Amino acid sequence: METKPPAREQFQPGDKSLPFKGPEAVEPDSLECFAYEYADAPVGQRMEIVTTTDEFTSVCPFSGLPDFATVTLTYTPTDKCLELRSYKYYLMSYRDVGIWYEHLVNRMLEDLVRAVEPKTMRIDIACNARGGVSSTVTASYSA
């Protein structure tokens, strides 16, 4: 019976990498806000908005293979709130962008703070397991 070499010797990745775009393809200008009518009301001062989606994708900046994650955005508004349709388009702009999650969470926080100008904001990105390893990256802002 013929013995085959181990799989790591049979299959080599070579120069394989799928094409992807750089972070300059992200579209922060798509983010829109609307006026928060309770900004000056006592009941509205401590409101917290939590938005979650498990439909987020970007790509690995090494291989170009897709990365999947759940993104949770939590913020306390000042005088405006994030319009969710525009937020969805913003998230979709990452779809073919090669970016490390550790950079992604900070980029996302910068873009969203610039657009929303909140009192506080936190972004949690829970990355789907790859090779049996899961990770969550978090970035936060406080005015």
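Estimated at 0.36 nm per residue, the fully extended path between Asp40 and Ser135 surpasses their Cα-Cα distance by 30.4 nm. Beta-bridge orientation, the chain: approximately 95 percent antiparallel, per DSSP, counting only bridges with both partners inside. Candidate cross-link partners of Lys80 among the aspartates and glutamates, defined by an alpha-carbon separation under 17 Å and a same-chain spacing of 8 or more, comprise Asp29, Glu32, Glu37, Asp40, Glu48, Glu110, Asp111, Glu117.
Other residues within the sphere of radius under 10 Å centred on the Cβ of Thr72, judged by their own Cβ, net out at -1 (K and R +1, D and E -1). Scaling the Cα radius of gyration of the chain by the globular reference 2.2 N^0.38 Å produces a ratio of 1.34.
Taking chymotrypsin sites (Phe, Trp or Tyr not before Pro) that fall in a DSSP loop and have at most 16 other Cβ atoms within 10 Å as cut points, what is the longest piece of the chain between them?
On the way: sites that count: Phe11, Tyr38, Phe62, Trp100.
For chymotrypsin sites (Phe, Trp or Tyr not before Pro) (loop position, at most 16 other Cβ atoms within 10 Å), the longest site-free span of the chain is 101-143.
Grab the Cα-Cα distance for Ala143 and Val50, subtract it from 0.36 nm times how many residues apart they are, and report the gain in nm with one decimal.
31.7 nm
Values in this text are rule-based calculations from the coordinates and carry no lab data. Since the structure is predicted, the reported quantities are computational estimates derived from the model, not experimental observations. For neighbour counting, all protein chains shown are included, and Cβ atoms are generated from backbone atoms with ideal geometry for every residue, glycine included.
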